[in-house]
Each structure stands twice: as structure tokens, then as C-alpha cells.
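S.K.: I am attaching a structure below and will ask some questions about it afterwards.
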Amino acid sequence: MTRYLFGQVFSLVLTLWVVLTLVFLAVRALPGDAATIMGGIDSSAASIAEMRQALGLAATLGEQYIGFLGDLVKGDMGDSIRERRPVSAVLLDRVPVTLTLAAMAFVISLVFGLGLGLLAGLRPGGFFDKLTTGFATVALSLPEFWFGFILILVFAVQLGWFPVLGLPPTGLSLRSSWHLLLPAVTLAIPRAAQLARLGRARVLEERSSDYVRTARSKGLSAGSVGRHIASNALPGVVPLLALELGGLLTGTIVVEQVFGLPGLGATLLGGISARDYPVVQGVTILAVAIYVGVNWLADVTQLVADPRLRAPT
Amino acid sequence: MKLKILVAVALSAVLGLASAQTLTMAMAAQPDTLDPQVTSATAAFQVSKSIYDTLVEVAQDGTIIPALAGTFSASDDGLSYTFNLVATSFHDGTPLDSTDVKATLERIMAEGTASPKRSEFAAITGIDTPDESTVVIHLSQPQPALLASLASGWGAILPSEKLAEGHDFGNAPVGTGAFVFQSWLRDNAITLSANPDYYKGAPQLAEVIIRFVPDPAIQLQGLLTGEFNVADTIAAADRELVESNPALTMVEEPSGLALVAAMNTRRPYLSDPRVRQAINLAVDSITVLEVAYAGGTPIGTFMEAGSPWLPDDIEPYGYDPEQARALLDEAGVPDGWTIDMPLPQPYDAHIQAGQMVQDYLREVGINAEIRIVEWGVWLSDVYGEARAFDITVIGHTGKLDPSGRLDGYGIESENYAGYDDPVTAELIAQGAREPDTAKRVELYGEALHRIHDAAPFIFFGTPARAYAKQTSVEGFWITPLLDSFDFRTATIND
């Protein structure tokens with residue numbers, strides 16, 4: 001058990017270090033730096049050089065890398081160049097929005113997507129089956145941001161049920177989280193489609209297996225058979241769920257742009273445009289941690305859901 | 001009697017409710033910081049305008065009028081300026097006095113602050129504070145542009161006690177302005193509340209909320225649902241929608257923008273003025289203005305249309321492809337000459353203009369290869385040391401003083417076009433030092449003539465500034481040339 005945990009931690013640290021180094025180099029390979037951006041078109045070369053010096057960007061790549069790693073080991077992600085305050089504060093401000101959005105989208109895609117898929121698989125050729133196939137085709141062919149605009153047009157502009165922007169100016173609170181429903185649905189649609197197709201496929205697989213025939217011939221009700229099928233179909237879906245959560249995070253970048261949400265996606269985009277290296281690095285750290293964490297959670301869930309995996313070999 | 005009291009109470013309650021107005025404005029760009037001394041971004045000053053005040057400010061007609069300095073005067077030799085401060089306080093309660101002005105100016109002049117506008121105050125040799133309400137600024141040479149610099153957003157006066165403490169003005173601004181900073185939720189909104197003790201009279205709005213909405217389509221939607229009262233970016237294609245809606249108004253007013261296609265005069269063939277003139281003649285600037293920028297007034301040199309500094313006798317180049325081809329032949333430009341045109345991705349209008357330029361140039365045998373690049377890459381290519389471009393399209397915002405626009409032109413290393421002409425450079429430098437306005441007009445006029453002849457740019461013109469608001473919003477205005485937002489007299493009349 002200790003060896004397993006140690007292995008997990010080591011793998012996390014290694015992944016983090018490799019990804020961080022790549023991002024560190026990639027973002028500095030972009031032409032222009034924060035001083036260039038801040039200087040804009042109205043500053044002289046001399047004042048841009050002054051700003052570069054004041055921001056610590058004039059140091060060599062090696063010096064910056066050592067400085068960055070050294071601070072990171074002490075738990076310091078540095079200060080955002082653009083916001084002139086600690087990166088940790090910047091991320092802390094944005095994480096709740098993205099997490100709430102992702103969580104809502106995850107639940108919606110799980111309930112509707114998987115639910116739809118299971119129902120479709122249990123009655124092939126039936127109403128839900130046709131609905132699922134149609135929905136999945138449409139949802140996976142059209143771009144996410146298009147759904148976002150349509151939802152805004154219908155529910156915010158025409159019906160006035162929702163505000164146009166994802167959050168009120170006072171930010172995220174329990175009361176304002178319903179504002180996130182439109183962006184969460186937008187985010188959920190492609191994942192729901194994937195889960196629907198997968199759920200349907202898994203159920204169809206299970207339907208043709210021996211134990212189902214046995215159960216039916218024993219005279220078990222359709223409902224009981226259905227429950228057996230579903231509980232056997234689910235473990236196969238778990239790995240995809242983990243991947244989906246990762247996909248949700250990247251999806252938030254687009255959705256946050258459309259709905260003007262102050263989340264991690266907006267921070268990352270803004271950080272890249274402004275060449276705010278510490279922020280880009282900080283978001284990377286967070287993203288890697290989340291991905292690795294979610295995959296670990298998926299592994300554990302798999303173990304719990306499928307007793308066969310727990311048996312010693 | 002009781003009825004009268006009841007009515008009076010009810011009336012004041014209703015009036016009280018009616019006067020608690022909040023104006024929500026949608027802005028596409030976001031400030032990088034609210035510290036006026038460490039940025040040059042227009043978006044930053046658009047917001048900080050409401051929080052801080054300057055010694056002098058720009059009125060709606062473009063003239064410089066008293067602000068925190070109730071009266072001001074310059075000495076005859078132009079080497080010292082005296083400002084007499086009004087009695088007012090900062091939002092933290094500390095009264096405004098001459099030490100605040102001195103501390104503010106010293107900070108923007110300090111190397112450690114690394115202000116992009118530091119050079120505008122370089123001529124200041126000393127700041128005297130003979131008493132609490134008087135400031136005397138001494139210069140090493142006459143600088144007629146000083147008032148313009150002090151009227152700009154970066155001339156905002158900061159409280160000296162907070163300066164001494166190293167206060168973080170970037171995230172928690174404290175000024176004397178008409179609105180008090182409440183909160184800044186990054187990528188979301190900035191909330192300001194009215195300053196009831198504002199020295200020019202308390203604003204009628206109780207609150208201003210500035211929301212950051214990068215997408216013009218969403219800005220329009222918000223305007224339609226009433227979520228936004230003013231929207232600063234409306235796509236040209238949507239203007240008709242706004243104009244045809246009685247609840248909305250499209251505001252078009254003169255801007256100070258000079259739209260140009262800059263040429264890298266260090267490059268082969270582009271170093272020849274005949275080639276640059278030919279390129280000007282090959283492009284129909286009026287059509288480019290109409291199609292890409294929804295109209296505007298053409299210009300013939302590097303100064304916005306309608307500027308008092310623009311000589312009357314400078315004609316735009318006009319459209320003459322025949323003459324263009326003749327000049328290109330004369331200069332020995334081979335047919336099919338290929339040039340590199342990077343265009344800035346965030347600006348659809350510039351991209352469209354660039355594509356039109358490419359079409360026009362093809363007609364005269366020049367092959368312009370377009371690269372649409374991200375803003376940071378564009379800045380690095382065009383303004384960075386590499387100067388990796390042949391031609392590009394951009395707009396230069398208006399400046400309060402011609403020196404703000406023209407400084408550096410004529411000195412190869414100081415302007416991105418690499419335009420090198422010692423005579424022009426000397427005229428511009430003299431103009432910056434000349435205290436007599438009539439002589440300045442002459443000096444700059446001559447320089448602008450020379451710039452027209454040398455044609456380092458294709459001169460397109462000056463478009464109108466356009467933004468949309470709900471018709472019920474009145475009294476909101478955008479500062480001429482500085483383009484900052486002024487909410488001090490704004491109201492919403494339902």
C-alpha cells in the first residue's frame with residue numbers, strides 16, 4: 001500500500017516537472033514578452049527596456065528557470081506580471097467559477113448523457129434509442145460555442161430567463177450559481193453525447209452476454225434484468241468519465257470566453273496573450289494536479305465498482 | 001396637513017429610489033492595472049479616469065481646462081508653471097495639497113517606477129511647494145506639451161501618504177475622482193460608487209459597473225436585454241440593428257485616430273520614397289476607409305483629420321494606379337516583387353484593410369503576402385528589434401499634443417517605420433520646445449509636409465468613433481483624443 005502511494009506521488013511529481021518545463025519553455029518561445037505587450041505601440045524602445053528590467057524579464061533563461069523552480073519548491077508560484085499580486089491569489093479567485101461550472105456540466109452530462117444512453121441500449125430501436133443517436137450526431141458535429149450563442153439568444157435575449165453574462169458583477173455565490181446553468185449546459189452537451197453513445201454501446205454489449213439470457217430464462221422481471229445490465233455496464237464507462245472531466249476543463253476555455261466567465265480558462269488565455277509567464281505556469285500546475293488527481297480517482301472508483309479487479313491475482 | 005406630509009415622504013422616497021441609479025458599461029478590453037503610472041493601455045485610463053483627477057483636464061470641446069488646479073499659469077520664458085490647487089480630499093479622507101502633487105510627479109519620474117510615460121516629464125528639473133495649495137514646476141527647457149501630459153490619464157494625482165507606504169494603487173486605487181473604487185473582480189467587473197464630496201459636484205449616478213465583455217456579439221445582446229446601458233464595441237454589421245431600435249442609440253463622433261499602412265523604410269525598394277509614393281497612389285484609400293472602417297475622412301499625412309495642427313494644403317495621395325506603375329518602373333521595382341504583410345489578429349478592420357491593400361497592390365505588380373498574427377507576435381515583429389515586416393496596417397490614437405504623435409519620427413531608431421530624415425526630426429524637436437503656438441503650428445506644419453512627401457505610410461484617414469448606448473442614457477461622454485470614459489454628468493432617464 002505504501003509502495004503504491006509512493007509510486008503515485010512520484011508519478012505526480014515527475015509528470016508535473018516534465019509538463020512544467022515544457023510549458024516554461026513554450027511560453028517563453030512566443031515572440032514578445034510582458035514588457036512588449038505593456039509598452040504597446042506608443043512606448044519608446046528605451047522605456048520598454050526599462051520595464052523589462054523592472055519586471056525581471058531581462059534575466060537569462062537559465063536564471064529564470066532556476067529562480068522559478070527554487071520558488072516553487074518553497075510553495076511560491078511567483079507574482080502575476082499583469083495583476084501584480086501572487087499567482088496563488090489569482091488562481092484562488094478563479095478556481096471556484098471553473099470548478100462549479102465543470103461540476104455542474106459533469107453532473108448534467110452524467111445524468112442526461114449516461115441516462116439517455118442506458119435507456120437507449122435497454123430498448124434498441126425504441127424512442128430513446130433514436131433520440132440518442134440523433135442527439136449524439138448533432139451534438140458532436142456542431143461546435144460548442146455555437147450552442148452557447150444559441151442558448152444565449154433563446155434563453156437570455158428572447159425569453160429573458162437568464163442574464164447574458166455568466167456571472168453578476170458581484171461574482172460567484174450560492175445565489176448566483178444558477179447563472180452558470182446556460183454555460184454548464186453548453187459545456188455538457190458534447191460530453192453528454194459521448195457518454196450517451198458509450199452507455200448505449202456498453203448496454204448493448206451486456207445484453208448479448210450469457211448471464212442476461214440466463215436471467216431471462218429464470219423468469220427475472222425486465223426491471224431486474226435491466227438493473228443487472230446497468231451495473232455491469234457502468235464500470236466500463238468510468239475510465240471515459242475521467243477523460244471527460246479532463247475534456248471539461250479544456251472545454252471551459254471556450255465556454256468562459258463566450259459567456260464572459262472569470263474562470264481558469266479566461267485566466268489562461270489572458271495570461272498567454274499578456275505573456276504573463278507566472279500565471280500560465282500556475283494554471284499548468286493546477287491543471288496537471290487536477291488531471292492526475294481525477295485519473296487516480298477513476299482508478300479507485302474502478303476498483304470499487306468492479307470487484308473482479310480487487311481480487312488478488 | 002397629514003396628507004401633505006405623506007405626499008412629501010412618498011415623493012422623496014420615490015425620488016430617492018429614482019436617484020439610486022447604476023450605469024453598467026460593457027468594455028471589450030480590460031485594464032492591466034489601475035495604477036496610472038505603470039501602464040500605457042487605453043483601457044486602464046478609460047477606467048481610472050473616474051477614480052483619479054489630474055491637475056488640468058480635457059473638456060468636451062478638446063481644450064485643456066482647470067481641474068485639480070483651479071488656476072494655472074506659465075512663465076513668459078515657458079520654464080516654469082504655477083498651479084493653484086482646489087480644496088478637496090482623496091477617497092481615504094486625506095486632503096489634497098501640494099505635497100501630493102510633488103510626490104506623484106517624483107514617482108512617475110523615478111527610474112524604479114519604469115513608467116512608459118516617464119520621458120514626458122524628463123524636462124522637469126524641480127518641483128516647489130511654497131504653500132499647501134501651490135505647486136511650481138521648473139523645466140530645463142520650454143515644454144508646451146507639459147499641460148497635455150498633465151491632462152492625460154498618467155497625470156493622475158495620487159495621495160502622498162499612500163505613496164510613501166508603497167500602497168498598491170494597481171489593485172486598490174485611491175484618488176480624488178468622482179467615483180470611489182469598490183471592487184475589481186478580474187475578467188468580470190469593476191464596481192465604482194459615487195463620491196458625494198466630488199469637487200466638481202457629486203455625480204448623479206450612484207454606481208458605475210464596468211463589465212468586461214470581449215465579444216461584440218455578447219455586448220450587443222446585453223444592450224438588447226438591458227443588462228448594459230453602454231457598449232463600447234459594436235460590430236459594423238450590427239450598427240443598423242442598433243440604429244433601427246428606438247430604445248438604443250448609435251453614437252458617432254469624430255475620433256483622433258490616424259489609420260495608416262506603415263512601411264518598413266529600412267527594407268530594399270521601400271527605402272526609396274518613389275516606391276512608397278507609388279504604393280500610396282496604388283491604393284484607393286477612400287474605398288478602404290468606406291469598406292473596412294465604415295467611412296471616415298481621408299488624410300494626406302500623419303495627423304488626424306480635423307486637427308488644428310494639420311496644414312490645410314496637404315492633399316491625400318488619391319488613387320492613380322497608372323502613376324503608381326510609372327513610379328515603380330522608374331525605381332526599378334521588378335514585377336511580382338513580394339512583400340511581407342503581418343496583420344494584427346484582434347483587429348478585424350485592419351485585417352480587412354490589409355486584404356484590400358493586397359488586392360490593390362496586385363494590380364500594380366506587387367505581391368503582398370499576408371500573415372495574420374497574434375497581438376504579441378505583431379508587436380514583436382513590428383515594434384520589436386527584429387522589425388520583421390515590410391508593410392502592416394494599424395491605427396494610431398490621437399494625442400493631446402502633436403509631440404505625442406510625432407516624437408521620434410525622422411530618427412530611424414525611434415519610429416517603427418524606420419523613417420529617417422534629420423530635417424524633419426529637427427523640426428519636430430524644435431516644435432516640442434517652442435512656447436509660441438503660432439510658431440509651433442508652422443514647425444509641425446513643415447514637418448507634416450515632409451512626412452507627406454516621404455510617405456513612410458499609406459495614409460488612409462480618420463474614422464468616426466462609434467459606440468452604442470440605451471437612449472435613456474444621457475450625459476455620458478468620451479474624452480476627445482484621450483478616449484477615456486466620463487460618467488460625471490451621466491444619468492439614466494427612464
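The values are calculated or read from the model by the stated rules, or taken from the named source; none is laboratory data. Treat the numbers as computed from the prediction; the structure is a model and nothing was measured. Note that we place each Cβ from the backbone using ideal geometry, even for glycine, and neighbour counts take in every protein chain shown.
S.K.: Residues that are within 14 Å of another protein chain (Cβ to nearest Cβ), out of contact with any strand residue (DSSP E or B) (no Cβ under 7 Å at 6 or more places or on another chain), surrounded by 14 or more Cβ atoms within 10 Å (Cβ to Cβ) and not acidic (Asp, Glu): does the stretch A:104-116 have at least one?
M.R.: Looking for residues that are within 14 Å of another protein chain (Cβ to nearest Cβ), out of contact with any strand residue (DSSP E or B) (no Cβ under 7 Å at 6 or more places or on another chain), surrounded by 14 or more Cβ atoms within 10 Å (Cβ to Cβ) and not acidic (Asp, Glu), one finds none in the stretch A:104-116, hence no.
S.K.: Moving to a separate point now. Taking A:Ala192 as the residue in question, decide whether it is away from chain B (no Cβ under 13 Å), closer than 16 Å to A:Glu256 by Cα, buried (at least 24 other Cβ atoms within 10 Å of the Cβ) and under 19 Å from the mean Cα position of the chain (by Cα).
M.R.: Taking the combined requirement at face value, the residue does not satisfy it.
S.K.: Mind counting the residues in the stretch A:15-44 that are more than 7 Å from chain B (Cβ to nearest Cβ) and of a type outside the set (Val, Ile, Thr)?
M.R.: Going through the stretch A:15-44 one residue at a time, the tally reaches 12.
Residues checked against (1) crowded, with 24+ Cβ neighbours inside 10 Å; (2) touching a strand residue (DSSP E or B) at 6+ places or on another chain (Cβ under 8 Å); (3) away from every other protein chain (no Cβ under 14 Å):
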| position | (1), (2), (3) |
| --- | --- |
| B:Gly226 | no, yes, no |
| B:Ala231 | yes, yes, no |
| B:Ile234 | no, yes, yes |
| B:Leu241 | no, no, no |
| B:Leu248 | no, yes, no |
| B:Ala258 | yes, yes, no |
| B:Met263 | yes, yes, yes |
| B:Tyr269 | no, yes, yes |
| B:Arg274 | no, no, yes |
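S.K.: Please determine, by comparing only the residues of the stretch A:88-102 that are in contact with a Pro (Cβ under 7 Å, 6 or more places away or on another chain) and under 17 Å from A:Leu187 (Cα atoms), which one is nearest to the other protein chains (Cβ to nearest Cβ).
M.R.: Among those residues, the one meeting the criterion is A:Val97.
S.K.: I'm checking my understanding of the structure. Among residues of the stretch A:122-171 that are of a type in the set (Gly, Ala, Ser) and either buried (at least 17 other Cβ atoms within 10 Å of the Cβ) or in contact (Cβ under 8 Å) with a residue 60 or more places away in the chain (or both), which one is farthest from the other protein chains (Cβ to nearest Cβ)? Give the steps one after another, and end with the answer.
M.R.: Keep residues of the stretch A:122-171 that are of a type in the set (Gly, Ala, Ser), which gives A:125-126, A:134, A:136, A:139, A:141, A:148, A:156, A:160, A:166, A:171.
Those still in the list that are either buried (at least 17 other Cβ atoms within 10 Å of the Cβ) or in contact (Cβ under 8 Å) with a residue 60 or more places away in the chain (or both) too: A:136, A:139, A:148, A:156, A:166, A:171.
Values: A:Ala136: 28, A:Ala139: 22, A:Gly148: 10, A:Ala156: 6, A:Gly166: 9, A:Gly171: 5 Å.
It comes out as A:Ala136.
S.K.: Let me ask you something else. Of all residues in the stretch B:424-440, which are surrounded by 17 or more Cβ atoms within 10 Å (Cβ to Cβ) and not acidic (Asp, Glu)? Let's see the steps before the verdict.
M.R.: Going residue by residue through the stretch B:424-440, those that are surrounded by 17 or more Cβ atoms within 10 Å (Cβ to Cβ) are B:424-425, B:427-429, B:431-434, B:440.
Once the filter is applied, which keeps residues that are surrounded by 17 or more Cβ atoms within 10 Å (Cβ to Cβ) and not acidic (Asp, Glu), the stretch B:424-440 yields B:Thr424, B:Ala425, B:Leu427, B:Ile428, B:Ala429, B:Gly431, B:Ala432, B:Arg433, B:Arg440.
S.K.: If you don't mind, there's one more thing I want to ask. With in contact (Cβ under 8 Å) with a residue 24 or more places away in the chain and surrounded by fewer than 15 Cβ atoms within 10 Å (Cβ to Cβ) as the only criterion, which of A:Ala233, A:Ala289, A:Ala266 stands out?
M.R.: Among A:Ala233, A:Ala289, A:Ala266, only A:Ala289 is in contact (Cβ under 8 Å) with a residue 24 or more places away in the chain and surrounded by fewer than 15 Cβ atoms within 10 Å (Cβ to Cβ).
S.K.: Restricting to the stretch B:443-494, name every residue that is over 20 Å from B:Ser255 (Cβ atoms), touching a Phe, Trp or Tyr at 6+ places or on another chain (Cβ under 7 Å) and surrounded by fewer than 22 Cβ atoms within 10 Å (Cβ to Cβ).
M.R.: B:Ala454
S.K.: Among the residues of the stretch B:178-221, count how many are among the small types (Gly, Ala, Ser), surrounded by 24 or more Cβ atoms within 10 Å (Cβ to Cβ) and away from chain A (no Cβ under 14 Å).
M.R.: 1
S.K.: Taking the stretch B:379-405, which residues are assigned to a helix (DSSP H, G or I) and more than 12 Å from every other protein chain (Cβ to nearest Cβ)?
M.R.: Correct list: B:Pro402, B:Ser403.
S.K.: Can you name the condition, by its number, that B:Gly376 falls short on among (1) within 11 Å of chain A (Cβ to nearest Cβ); (2) at pLDDT below 95; (3) within 28 Å of B:Gly318 (Cα to Cα)?
M.R.: Every condition holds for B:Gly376 apart from (3).
S.K.: Run down B:Leu68, B:Leu105, B:Leu139, B:Leu79 and say which single residue is within 25 Å of the chain's Cα centre (by Cα), away from chain A (no Cβ under 14 Å) and closer than 28 Å to B:Ile428 by Cβ.
M.R.: None of the others qualify; the one that does is B:Leu105.
S.K.: Give the number of residues within the stretch B:345-378 that are part of a helix (DSSP H, G or I), farther than 16 Å from B:Leu289 by Cα and not charged (D, E, K, R).
M.R.: Adding up the residues that qualify gives 5.
S.K.: Still on this structure, please answer the following. Looking at the stretch B:405-413, can you tell me whether even one residue there is among the charged types (D, E, K, R), surrounded by fewer than 20 Cβ atoms within 10 Å (Cβ to Cβ), touching a residue at least 24 places away in the same chain (Cβ under 8 Å) and under 30 Å from B:Val291 (Cβ atoms)? Give the steps one after another, and end with the answer.
M.R.: Of the residues in the stretch B:405-413, the ones among the charged types (D, E, K, R) are B:405, B:407, B:412.
If we keep only those that are surrounded by fewer than 20 Cβ atoms within 10 Å (Cβ to Cβ) as well, we get B:412.
Restricting the remaining residues to those that are touching a residue at least 24 places away in the same chain (Cβ under 8 Å) gives B:412.
Imposing the further condition that a residue be under 30 Å from B:Val291 (Cβ atoms) reduces the set to none.
Looking through the stretch B:405-413, none of the residues is among the charged types (D, E, K, R), surrounded by fewer than 20 Cβ atoms within 10 Å (Cβ to Cβ), touching a residue at least 24 places away in the same chain (Cβ under 8 Å) and under 30 Å from B:Val291 (Cβ atoms).
S.K.: If we only count helices (runs of 4 or more DSSP H) wholly inside the stretch A:1-79, which ones have 1 or more residues that are of a type in the set (Lys, Arg)?
M.R.: A:2-29, A:45-54
S.K.: Also, quick follow-up: So how many residues does the stretch B:58-68 have that are part of a strand (DSSP E or B) and without any contact (Cβ under 8 Å) to a residue 60 or more places away in the chain?
M.R.: 2
S.K.: Take B:Val260 and decide whether it is at pLDDT 95 or above, touching a helix residue (DSSP H, G or I) at 6+ places or on another chain (Cβ under 8 Å) and β-branched (Val, Ile, Thr). Give the derivation first.
M.R.: Working: at pLDDT 95 or above: yes; touching a helix residue (DSSP H, G or I) at 6+ places or on another chain (Cβ under 8 Å): no; β-branched (Val, Ile, Thr): yes.
The answer is no for B:Val260.
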